[in-house]
1. In bins 10 Å wide, starting from 0, what share of all Cα pairs of region 233-312 does each bin hold, as a percent?
2. Among the DSSP beta bridges whose two residues both lie in region 212-309, what percent are antiparallel, rounded to the nearest 5?
3. What number in nm² do you get for the chain if you take the convex hull of its Cα atoms and divide its surface by four?
4. Calculate the spin-label point distance for residue 103 paired with residue 196, positioning each point 7 Å from the Cα along the beta-carbon direction, and give it in nanometres.
5. Taking Cα pairs under 8 Å and at least six residues apart, what relative contact order does region 2-114 come out at, in percent?
6. So if we plug the beta-carbon distance of residue 23 and residue 162 into 1/(1 + (r/R0)^6) with R0 = 35 Å, what FRET efficiency do we get, rounded to 0.05?
7. Say a paramagnetic label sat at a point 7 Å from the Cα of residue 353, along Cα to Cβ; which residues of region 291-312 have their backbone N under 11 Å from it?
8. Out of 193, 220, 157, any idea which swings most in a Gaussian network model of the chain, alpha carbons joined below 10 Å?
Amino acid sequence: MKNLFVYGTLRHVPLLEAVLGKDVSDLQIASAQLADHEVFAVKDQDFPIIKAGDGHAEGLWLGALTETDVARLQFYEGGFAYDLVPITVQVAGESRPAEVFKSEAAWAPNGAWSLNSWVDRYGKWAVLGALEEMSYFGMRSRDDVDGMLPMIRARATSQVQARTKNLALSPGGMTRADVTDVALTRPYANYFTLDEYDLSFRRYDGANSDMVRRAVFVATDAVIVLPYDPVRDRVLLIEQFRPGPFARGDALPWQLEPIAGRIDANETAETTARREAMEEAGLTLDALHEVANCYASPGCTTEFYHIYLGIADLPDEVVGVSGLEHEAEDIRSFLYSFDELMEMTDTMQAVNAPLVLSALWLARHRDRLRTTA
């Protein structure tokens, strides 16, 4: 049995429960302080560090942890290069032995760290991310999971979006609570995951369905943005190799499409739109107009689109080849007049669904955008 002192993100009880896989009511837990130490923020990171200092560090004392408890904590903290160090903490005026996760990494303190501020900014997706991360405990190496962390966190951000912004019309009146007996297995997990659900759902006659199995390709939320210049009345499209058409056997796997990209952890859709416009086409966008918020193919994937039309200055010289080298992107941009875009849509040469949807939205709102330009 071990006693641990946690001073940072694990003070957030929902995160602690996600990491340990148990309710805190099953733990020996108490508020504690570590003398002559302070907790600091780390620049450009979402976790704190503890350093020797004049004050005392607030935290939680976790007593009589099992070997599995400690192993789960080490697995989780292993992603942040922490090691356990013996200390003595104060619990209600009494000295108690414990160990604390410390790191020798060269992270520089960047002011005081606030648990409440961290919870407000990161708490929801951190808990959801930890649930997926800890699902690999005992199955995948820490190095494997470290390589998956960006997408784990992006998937968690998508789940937060799903729970906080939903304007869908559902006239049947069914909700998530009408899905029962849910069992999840994950036969594949890497950049994306493939999940298999065994479940029963409420039928329209009021009865529950038989148990069914449904496979779901788990992606993230993505942003699509069509740059439009209302003065020149033209759009910018990009072309790049796409593995989906290639895997389908398409003779033309290079797709002409709007700018697109996945929403990173704790990133807003608007921020992603502007970031991707710069990365993929060197564009600075002005106003963003919402075109749609919709699922790509709800029968088989979680992928969700936040589609925008972005006002931009599109002179002739804006086209070129762009993309991030570390992502092996090779992206060429092209300019099309509004009439050319409509011709492409009408003749079925536009085979990218967000492009077609954006083009039709533009056709409906073009006069307004040009009048106010």
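Only the coordinates and a few stated rules stand behind these numbers; no lab work does. All figures in this text were calculated on a predicted structure; none of them were measured in a lab. Heads up, the Cβs are rebuilt from the backbone with ideal geometry, glycines too, and the neighbour counts pull from every protein chain shown.
1. Histogramming region 233-312 at 10 Å steps yields 16, 43, 34, 7 percent.
2. 70
3. 23.8
4. Using points 7 Å along Cα→Cβ, the separation is 3.7 nm.
5. Once normalised by length, the contact order is 35 percent.
6. After rounding to 0.05, the efficiency reads 0.90.
7. 294-305
8. In the Gaussian network model the winner is 193.
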